[in-house]
Structures are given as structure tokens and as C-alpha cells.
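The values are calculated or read from the model by the stated rules, or taken from the named source; none is laboratory data. Predicted, not measured: the structure shown is a model, and the values here were computed from it. Cβ placement follows ideal geometry from the backbone for every residue including glycine, while neighbour counts extend to all protein chains displayed.
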Amino acid sequence: MKPHFKSSTFLFYKIKCGPFDNNAYVLVCRETNQSILIDTPADPNVFIAIAESTKVNRILITHSHSDHIAGFDEVINTFKVPVNISKYDSNALNYDLLDDLKDDSKISFGNLNLQVLFTPGHTAGSTCFYLDGHLFSGDTLFPGGPGKTQSEEKLNQIIDSITGKLFVLPASTIFYPGHGDDGELSVSISEYEIYKSKNVHSQTFGDIFWLKS
């Protein structure tokens, strides 16, 4: 399988897994071959095979919904490395080597540092990861809108997370969500401005689309 992206310092693979078309990611430092895995969906055989060609450093979980951790036992039994998940979502996993994901901290692998961005709303512990113009957004941000929310309060929270933590990143950033296609942050920012002008986000929740809601 070819990398989804490759630069002089790092590369990553994007692997579609399971019945809900989850995306899982293997990020690799090119100089050291150390890697970080993002999410552990169901049917992770290809994901594991790719990761086995690297030196897996740790596993990061964007949030605790079952489709993102359905393959966790299989993955962790293969690699037995530390796992980072927000303390607000950590009760979904039964594993001794669990570490919190602290906002704006750095996760190191090889010669690289991944920035942690705490973005609650989809779940209480939803977290995104940023590296050099590339954002792994979990179910917080998709092309076209935010992740699904369960109340007006949670919708306001996820929009605050997106505008306060993600939209302040370089507009040229490409983002890679937990399902589906990649997105361009500049496009999402422009679409959100149209959505905001309608003044609707305090009146609805669920599946929101910037240009249709």
C-alpha cells in the first residue's frame, strides 16, 4: 500500500477499516521508522500489517465511540505499547498503559512532535492531532461540517472547539477525519462563516452541515 502522504521527514498511511468505513492512520518518522497509530477500528488486519513494518511507539485514540476502538484488543495484543486517550473518554478502554491526552501537549515519535488539541463536543474527550500542516480530526471536523452532537449545548461546545482550536491553525492545513474524505481547512473556515451568518447553531443539533443547515 502506498503512503497517503509523504514528505522528507514523515509519511503516513490512511487505512479504511470496518463496517462504518473508519479511517485509521499510521504516522511514520522517515529517519527513525518510529510510528504512531491513530484509532483502532474493526477489521484492522491491513492496518496492523502496515504498522508491523515500522517501530510502533504508541497508540492514540481520538475518542471513545465503539467504531473507533472496535479493533483495539487485536491491535494492542500485537504491539503492547502505551495508549493515549483523554481521561474523559478513558473508561471505554481496559488497558494498564493508558495515558491522558493533555491539551496543547506534544507526543513524540522519532524526531517528530505531534501537537495535541483537546476538542470536546462529539464526546467529552474528543481530541485532534496536528503535525506540520496536517490535522487528524477524528469525528470533530469533517468536510462540510462538524461531527454529530447530541444536544444544543454539545453543538455549541464542538463549534467552540473547532473555531478556537482548529480554525486558528494555518488555513492551508489539510485535515483527515475519522471517516470519509480529506478536507481543506480554508474551505471549512469559509463555509463556517456562511453558517454563522445564519445564526442557527444555538437552535439545532445532530448532523450539521455548514451550507445546508
>> Looking for something among the aliphatic types (A, V, I, L, M) and surrounded by fewer than 20 Cβ atoms within 10 Å (Cβ to Cβ) - is there at least one such residue anywhere in segment 190-209?
In response: yes
> Can you spot a residue in segment 65-82 that is within 22 Å of Lys165 (Cβ to Cβ), aliphatic (A, V, I, L, M) and in contact (Cβ under 8 Å) with a residue 24 or more places away in the chain?
Replying inline: no
>> I'm trying to understand the selection: among the residues of segment 163-178, which are aliphatic (A, V, I, L, M) and farther than 24 Å from Thr40 by Cβ?
In response: Val168, Leu169, Ala171
> Does segment 140-155 include one or more residues that are without any contact (Cβ under 8 Å) to a residue 12 or more places away in the chain and farther than 21 Å from Val83 by Cα?
Replying inline: yes
>> I'd like to check something: does segment 40-58 contain any residue that is touching a strand residue (DSSP E or B) at 6+ places or on another chain (Cβ under 8 Å) and under 16 Å from Cys128 (Cβ atoms)?
In response: no
>> Conditions first: (1) among the charged types (D, E, K, R); (2) at negative phi; (3) surrounded by fewer than 22 Cβ atoms within 10 Å (Cβ to Cβ). Asp139 passes all but one, so which condition is the exception?
In response: (3)
>> Looking at Gln157, Gln115, can you tell me which residue is over 19 Å from Ser66 (Cβ atoms), in a strand (DSSP E or B), of a type outside the set (A, V, I, L, M, F, W, C) and out of contact with any His (no Cβ under 7 Å at 6 or more places or on another chain)?
In response: Gln115
> Any residue at all in segment 124-139 that is modelled with pLDDT of 95 or more, part of a loop (DSSP other than H, G, I, E, B) and farther than 30 Å from Arg30 by Cβ?
Replying inline: yes
> Across segment 140-153, what is the total count of residues that are at pLDDT 95 or above, farther than 24 Å from Asp99 by Cβ, touching a Ser or Thr at 6+ places or on another chain (Cβ under 9 Å) and outside any strand (DSSP E or B)?
Replying inline: 2
